[in-house]
1. Using the alpha carbon gyration tensor of segment 353-470, what are the three equivalent-ellipsoid semi-axes (square root of 5 times each eigenvalue), largest first, in whole Å?
2. Compute the Cα gyration tensor for segment 276-433, then decide on rounded, prolate or oblate, letting a ≥ b ≥ c be the square roots of its eigenvalues: rounded whenever a/c is under 1.5, prolate when a/b is larger than b/c in the other cases, and oblate in all that remain.
3. Any idea how far apart Arg406 and Leu177 come out in nm if each label point goes 7 Å out from Cα toward Cβ?
4. Relative contact order, percent, of segment 306-434 when contacts are C-alpha pairs under 8 Å separated by at least 6 residues?
5. For the chain, what is the mean residue ellipticity at 222 nm derived from helices alone (per DSSP H run of n ≥ 4: -39500 (n - 2.57); sum divided by total residues; nearest 500 deg cm²/dmol)?
6. Run the simple label-point estimate for Thr583 and Asp170 please: 7 Å along Cα→C-beta, distance reported in nm.
7. Can you compute log10 of I(q)/I(0) for segment 312-402 with the Debye formula, treating each Cα as one identical point scatterer, at q = 0.11, 0.12, 0.24 Å⁻¹?
8. In percent, how large is the relative contact order of the chain, given Cα pairs closer than 8 Å and 6 or more residues apart?
Amino acid sequence: MRTKQHYSALVQQWIAAALPHLSADCTRLHAGNTAAQYPDDVAGMEGFVRLLWGLFPLMSGGTTPEWQETFLTGLRNGCNPQHPGYWGAVGDNDQRCVEMAAFGLGLALQTPLWSQLTKTEQNSLVHWLSQSAEVAVPNNNWHFFPALIQVGLKCVGREYDMAVINHHLDAIEPFWLGNGWYCDGEGKPRDYYISSGFHFYSLLYSHFMQDVDPERCLRYRQRAQQFAKDYVYYFTADGAGIPFGRSLTYRFVQAAYWSAVAFTGLDVFTPGIVKGLILRHLDSWLAQPFINADGLFSIGYSYPNLIMAEDYNSPGSPYWALKAMLILALPEESAFWQAECEPLPELDATHPVPEAGQIIVHSAKNRHAWMLMSGQFDKNNFVNFEQKYCKFAYSSQFGFTLERGRYGLNHAAVDSMLLFSNGDDYYRGRRECDSVSVSHEWVRSEWRPWNDVAVTSWLIPQQSGHIRIHRVTTPRPLSCVEGGFAANHHQQTRLTSTPEAVTVETTHDYSQIVNLSGDRQARLITTPPNSNLLYAAPADIPCLSTQLGAGTHWLACFVSADPGAAQALPETIHFTHSTQQLTVNGTSLTIV
C-alpha cells in the first residue's frame, strides 16, 4: 500500500500524459481516432472534462499542478461563446450534459479553477452550465447530472434552482428497488452504474446539500449504507472486482463508491477496511497493461480492446475511472489517510442479492469471487449484451469472453452459457427471461432461445464452484453446448479429458466442467484472441455437448474454477431427474 503522495503523483502523471494531445486552445482532448455515437468535437470536450474528475480532487486536496493554467485556458475558451473552441449549445439528451457534472464537483469543492477566473469568466461558466436546467435527459442515471450542476452553483454562492433538483431527483425514485439497490431506469439493468452512478452522486449530494435538503440527504446515506453490505462481496482479497455489464472501460470506477464513502465519512466499515478496498483495487489495476505507450488510457478492460466497447465509448471516455480518485480531496490528516489498510471483513461464502438477481460466491480466503446471474435485459440492446449480462456466471479471475462472430462455436462465447443450434452452427443462448427468482439455494430463470423452445435453469452455489441444472423442452432436434469458465490458452500447462469431464490447468489456475446428467460429451473450445476481457490470448473453454431430440431433457453439470491447483473430480454430487433430487455431500435438494 502506498501514501496519498504516491496516488497524487500517479494522477498527475496520467493527466500530464494527456496534455500533448489537447487541442491548441486546450478545449478538447484528441486521445485516438475511433468514434462514438456523438460528434468528434463533443467527444474531444468529453476527454478534456473527464480529466477534471482527477484534477479537482487533487487541487482540493492541496496539490497545485504546474500545468493548472492549461486547464484554466481550456475552461475559459470552452465557455466563451465568442471563441472558436466554445463547447456549444446543449440540447436534449446531449452528452455534454453528462460532462457538465464534473464542474458540479469542482465548484462544490471550491477549487482554484473557480477563484482564478475573472467575474466575466465565472459568469460565462455559469451561463454555459445553466443550460442543463432546461434540457431533457434519458430516464436513467442521467437525472443526477443537472442536479449536481445546481449543487455546484449553490456551493459557490450563485443562484441555484431547487425546482430543477427536485424534478430530476424525484424522477429517480421509481428506480429504487430496496435494500440499497436501484435499477438504471425502470426495469433496466443493475450493474456498476448503481455504485459509481447512483450512490456516488447521491453521496456527493448528501455531503453538500445537508443544510437545505436534510431529509433526502439522510435517505441517500441510509441507502448507501445498505448497499455496502452487498457491494463488498464484489471484491476479492487482492482487490480485483468482478467484471460484468456495460461500461467496463471505466475500469477502476468500480471503486468510486468506496471513495465517496471515504470522502463523505459514511459509516459502513472502519476507515482501514474502506482504505484497503480502494487501494488494493487501484493497485490491482496498476499491474494491468491498459495504458497505451503514449501514456493515454485505452478503450478496453485489462488491455486495449475495442471489441468490448459500447457505442458511447469515445477515446477519452475511459478517464471516468478518475472518479475513484475523490479520496485525493481528503487531507493527509484525515481518518482515511491515517488508517492502516485492513483486509476484507468476514464474508459469507455465498451471498444472495435478490434485487440484482445474483448470488455472489467467494472461494477460500476470498481470493476468487464469482457471480451467479439470473440474466438481465434492456431493450437498448447494448453491444454484446448477452455476453455482458446474460451468462450464468461472471468471475474476478476468469473474466468472460465476447462473441467474435455469428457463425461457429469458437466465435459464440460459450463460456458460462448454454447455447443451442438448429444444426447450422449459428448459436443462441439466454437473453430475455420469462421469470427469475433468487433464494439462498439457487438462482432460477425461465427463458426461450426460440419462442417454441423452453428452458428452466437452476444455478446452485458451492464453495468450490457451482452446479447448473437445466430442463429443456423442444419440439425439434437441437445441438446443445454448455461451457465452463474461460482459461488463458497461452498459459495452459495440462489438459485432462474424459467422456464426462474436461479440466484445463494453467500456470495460475484451473477451469473444469463435469457432466452430472444427460448424454453429453466433454470437449474443449478455443476462442480467437482478444475475445476475453482479462487477457488478449485465446481462451480455452471446457464444454459439454450433445444432440437433443424433440421432447423434454434434463441436463446437469458441476463447474469449478479457481486460482491454484485443480480440484479432484467430485464424487459426492448426484442429480436424479426422475425425482428432481440433487444430493451434495449427503444433503438433498428438490428442484422446483
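1. Values: eigenvalues 110, 57, 34 Å².
Computed over segment 353-470, the values are 23, 17, 13 Å.
2. On the way: a/c = 2.36, a/b = 1.49, b/c = 1.59.
Verdict is oblate for segment 276-433.
3. 3.1 nm
4. Numbers: 155 pairs, mean separation 22.0, N = 129.
Once normalised by length, the contact order is 17 percent.
5. -8000 deg cm²/dmol
6. Rounded to a tenth, the inter-label distance reads 6.1 nm.
7. -0.54, -0.64, -1.14
8. Working: 1295 pairs, mean separation 63.2, N = 592.
About 11 percent, as a whole number.
Values in this text are rule-based calculations from the coordinates and carry no lab data. In this text, all values refer to a predicted model and were calculated from it rather than measured experimentally. Neighbour counts are summed over all protein chains in view; Cβ atoms, including those assigned to glycine, are modelled from backbone coordinates with ideal geometry.
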